[in-house]
Amino acid sequence: MPVRPVSLTQYLVEKQREKGLIPAELRMLLEVIARTCKRIGIAVSKGALADCLGEAGSSNVQGESQKKLDVIANEALLEANEWGGNLAAMASEEMDHPYPIPNRYPKGEFLLLYDPLDGSSNIDVNVSVGTIFSVLRLPEGVKDPDETHFLQPGIRQVAAGYAVFGPSTLLVLTVGDGVACFTLDREPGAWMLTADRMRIPQSTREFAINASNARHWEAPVKRYIDELLAGKDGPRGVDFNMRWVASMVADVHRIMTRGGIFLYPRDNRDPSKPGKLRLLYEANPMSFLVEQAGGAATNGLQRIMEIVPSSLHQRVAVILGSKEEVERVAGYHSQ
């Protein structure tokens with residue numbers, strides 16, 4: 001069904017005025033994030049022309065080497081959001097601790113968490129990367145938020161989204177009333193609605209997983225993937241295709257668009273680690289979006305959005321996408 005030409009601002013104003021779903025402060029915050037994603041997208045598109053490729057010569061809190069664009073994207077989001085009066089604090093995958101709003105600026109009632117550049121290992125080979133973000137309310141009565149105030153389960157998110165920097169630049173957003181996709185019209189620099197009420201098909205024949213880790217998978221995941229690989233001659237009776245970009249925004253957007261299941265499960269390499277992806281910066285916002293589009297998201301044993309975080313950079317196993325497939329994997333774990 002054709003989508004009427006609606007800008008991001010008009011879309012958010014309608015959510016604010018007609019449905020009363022979001023306050024004006026949240027609308028303004030989301031517009032600032034969207035503008036910053038345009039800025040990050042421009043830096044990504046310039047690549048070597050702006051000396052944006054390669055290593056930054058530093059590491060983040062997880063001990064991972066930072067790319068130059070990791071640092072550029074992180075600083076862009078800090079600078080754009082610190083002075084608007086909508087936020088009380090920010091937390092980033094690239095920073096050890098939360099970033100409080102400087103005292104010289106007014107403070108708002110929201111907390112912003114983000115992965116400034118997801119899939120940055122793909123930057124130098126010109127594969128799609130993106131930005132992921134999540135918005136929480138500051139607990140009532142808190143004046144000076146610290147790390148503990150970010151440790152809220154995903155069900156408390158008031159908004160979440162991601163930008164994809166690919167052949168076209170996209171912004172996919174939810175404020176708890178379905179999922180909308182906006183495409184950046186580069187000439188006027190406007191985000192225009194190109195898909196509303198996105199729905200993930202309940203069944204699928206595509207899956208995304210890093211097959212190089214197969215020898216480390218736990219039994220439920222191995223059983224599930226073996227069934228898919230068996231194709232028509234196996235218990236599922238159909239052929240499945242594997243897709244793996246190694247950029248979560250790209251893999252998840254494919255699922256949002258045409259269905260599928262994405263798995264980054266816990267494995268046996270280090271039993272003390274419950275997974276690879278970060279709960280607050282990646283798993284929660286993506287789970288919110290997927291559920292709003294009719295899909296499901298689990299760590300194998302529990303709905304991701306119901307997990308109560310214990311630390312700012314907590315990791316988690318992630319299995320999300322088409323509902324029927326996610327429920328099947330969860331069933332194998334419960335057995």
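What follows draws every value from the coordinates through simple rules; no lab data is involved. Model, not experiment: these values are computed from the prediction. For neighbour counting, all protein chains shown are included, and Cβ atoms are generated from backbone atoms with ideal geometry for every residue, glycine included.
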Return P(r) of the range 206-334 (all Cα-Cα pairs; 10 Å bins starting at 0; whole %; ordered from short to long distances).
13, 47, 34, 5, 0
Average Cα contact separation per residue, the chain, under 8 Å, 6 or more apart, as relative contact order %
15 percent
Normalised convex hull volume, the range 233-281, alpha-carbon set, Å³ per residue:
126 Å³
Could you list Glu31, Glu206, Glu93 so that the one with the fewest beta carbons within 10 Å of its beta carbon is first and the one with the most is last?
Glu31, Glu206, Glu93
Can you put Asp270, Asp146 in order of Cβ neighbours within 10 angstrom, beginning with the fewest?
Asp270, Asp146
Compute the angle between helix 8-17 and the longest alpha-carbon principal axis of the chain, please, reported from 0 to 90 degrees and rounded to the nearest 10.
80 degrees
Cα long-axis angle, helix 323-334 against the chain (0 to 90 degrees, to the nearest 10)
70 degrees
What does the C-alpha gyration tensor say about the overall shape of the range 8-195? Classify as rounded when a/c is under 1.5, otherwise prolate if a/b is larger than b/c, or oblate.
oblate
Full-stretch length increase - Arg156, Asp51 - with 0.36 nm per residue and alpha-carbon distance subtracted:
33.9 nm
How far is it, in nm, from the label point at His97 to the one at Glu187 when both lie 7 Å from their Cα along the line to the Cβ?
5.0 nm
Please work out how many pairs of lysine residues in the chain are eight or more positions apart (or on different chains) and have Cα atoms closer than 26 angstrom.
20
Separation between the Arg17 and Asn241 pseudo-spin-labels, each 7 Å from Cα along Cα→Cβ, expressed in nm?
4.3 nm
Using only DSSP helix segments of four residues or longer, with each worth -39500 (n - 2.57), what per-residue ellipticity at 222 nm results for the chain after dividing by its residue count and rounding to 500?
-8500 deg cm²/dmol
For the range 173-254, what log10 I(q)/I(0) values come out of the Debye formula at q = 0.12 1/Å, with one point per alpha carbon and no solvent?
-0.55
Among 102-115, 219-232, 252-265, 172-185, the order from most to least packed when residues are scored by Cβ within 10 Å on average
252-265, 172-185, 102-115, 219-232
Taking r as the C-beta separation of Asn213 and Asp233 and R0 as 30 Å, the FRET efficiency to the nearest 0.05 is 0.75
Take peptides 37-46, 305-314 and line them up by average Cβ neighbours within 10 Å, highest first, as a rough protection proxy.
37-46, 305-314
Roughly how tilted is helix 68-81, in degrees to the nearest 10 and between 0 and 90, from the longest Cα axis of the chain?
50 degrees
At 7 Å along the Cα-to-beta-carbon direction for both Asp124 and Arg205, put a label point, then send me their distance in nm to one decimal.
3.8 nm
